[in-house]
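Participant: One structure is given below, represented as structure tokens, and several questions about it will come after.
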Amino acid sequence: MYRILTKRQLNPTVTMMDIYAPLVAQKAQAGQFIILRVDEDGERIPLTVAGFDREAGTVKIIFQIVGGTTMRLNEKNEGEYISDFVGPLGCATRTEGLKKVCIVGGGVGCAIALPVAQKLHAQGAIVHSIIGFRNKDLLILEDEFKACSDKLTIMTDDGSYGRQGVVTVPLKEAISGGEQYDEVITIGPLIMMKFVVATTKPFNVPTVVSMNPIMIDGTGMCGGCRLTVGGKTKFACVDGPDFNGSEVDFDEAMARSSMYAEFEKRERENFCNLFKKEVE
Ligand SMILES: Cc1cc2nc3c(=O)[nH]c(=O)nc-3n(C[C@H](O)[C@H](O)[C@H](O)COP(=O)(O)OP(=O)(O)OC[C@H]3O[C@@H](n4cnc5c(N)ncnc54)[C@H](O)[C@@H]3O)c2cc1C
Ligand code: FES
């Protein structure tokens, strides 16, 4: 059992928790993820390691409440326990030798991008961060990004905070204006990452994407997380989650990500009905 030490609501749909998991904290690195089950009968879901404290033995997770399992997780409070917390899984984000990087995050993807930005900053790289949200109410981690970025641009779709527009606009401005990035690292919705890659490709800027397909075992055995990268089949859980963006078949990944939409909708409705009954 894994104890929830702290719980904080970052916005109406995103929650941050510190979980006491010393063995995971000891080995975790930016870019890796864990798989948890809220209770014994629960579904396994992957969440990125959003931070860790090796001395305190804690691992930070930041999750968007989107369906049955994340709703159940969000019902847990400080001092309560979750059943399983396995990791760290996947490959750490490669940062060696990078001197100037642009991090492009979208929505809750910013939670995954933050530890990478922090690691690059700590190793002395120049970090430009561009983070995008639908509106001001959904903004997360502004102070944390400010602290590890040499330049921070915030975008909102409706212009309610920062600049109005999508993240690819300031990215294109920066690159065409002469910024020379060793790499662009982008994490967020598939459609956003697809367009970030389309923006950087004409300028030949190496671009790394973090892929979040459906995962089950997280150890390369079930094939659930398979992707086509450079014409070859790759498993995001063991070969990734980071890949060369220009080689990823995004259209296939988008089609596969909606495979269980009906089932997920039923689970959400089940949870909401259960919750309604408990309140009545
Ligand atoms: C490597 C990796 C890291 C991730 N890191 C984060 C993170 O840090 N924060 C965060 O909010 N989300 C993260 N996700 C997505 C997160 O796993 C899903 O939001 C979660 O599984 C949703 O479960 P649910 O039952 O609440 O919702 P559901 O209604 O079951 O699903 C909602 C959507 O979540 C995705 N999803 C559902 N089940 C899985 C699964 N087993 N594996 C992967 N995706 C799934 C699907 O796109 C689905 O349409 C990550 C996914 C992967 C693969
Ligand atoms: S989650 Fe099963 S192979 Fe990757």
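Participant: Somewhere in the range 255-273, is a residue under 30 Å from ARG94 (Cα atoms), modelled with pLDDT under 95 and either in a strand (DSSP E or B) or among the aliphatic types (A, V, I, L, M) (or both)?
Facilitator: yes
Participant: Moving to a separate point now. How many of the residues making up the range 73-110 are surrounded by fewer than 21 Cβ atoms within 10 Å (Cβ to Cβ) and in a helix (DSSP H, G or I)?
Facilitator: Number satisfying all stated conditions: 2.
Participant: Another one. Please identify the pairs in which a residue from the range 59-73 that is near ligand 1 (Cβ under 6 Å from one of its atoms) has its Cβ atom under 7 Å from the Cβ atom of a residue that is part of a loop (DSSP other than H, G, I, E, B) and among the acidic types (Asp, Glu), counting only partners at least 6 apart or on another chain.
Facilitator: Correct list of pairs: THR69/GLU43.
Participant: What's the number of the only condition in (1) surrounded by fewer than 20 Cβ atoms within 10 Å (Cβ to Cβ); (2) modelled with pLDDT of 95 or more; (3) within 20 Å of the chain's Cα centre (by Cα); (4) more than 16 Å from ligand 2 (Cβ to nearest atom) that LYS201 fails to meet?
Facilitator: (3)
Participant: A further question follows. Among the residues of the range 211-235, which ones are near ligand 2 (Cβ under 6 Å from one of its atoms) and modelled with pLDDT of 95 or more?
Facilitator: PHE235, the sole residue that qualifies.
Participant: Name the residue that is surrounded by the fewest Cβ atoms within 10 Å (Cβ to Cβ), counting only residues in the range 159-176 that are part of a helix (DSSP H, G or I) and in contact with a helix residue (DSSP H, G or I) (Cβ under 6 Å, 6 or more places away or on another chain).
Facilitator: Ranking the qualifying residues of the range 159-176, first place goes to LYS172.
Participant: Now for a different question. In the range 94-114, which residues are over 23 Å from LEU139 (Cα atoms) and either among the basic types (Lys, Arg) or within 12 Å of ligand 1 (Cβ to nearest atom) (or both)?
Facilitator: Once the filter is applied, which keeps residues that are over 23 Å from LEU139 (Cα atoms) and either among the basic types (Lys, Arg) or within 12 Å of ligand 1 (Cβ to nearest atom) (or both), the range 94-114 yields ARG94, LYS99, LYS100.
The values are calculated or read from the model by the stated rules, or taken from the named source; none is laboratory data. Quick caveat: nothing in here was measured; it's all calculated off a predicted structure. Please note: Cβ atoms are built from the backbone with ideal geometry, for glycine as well, and neighbour counts cover all protein chains shown.
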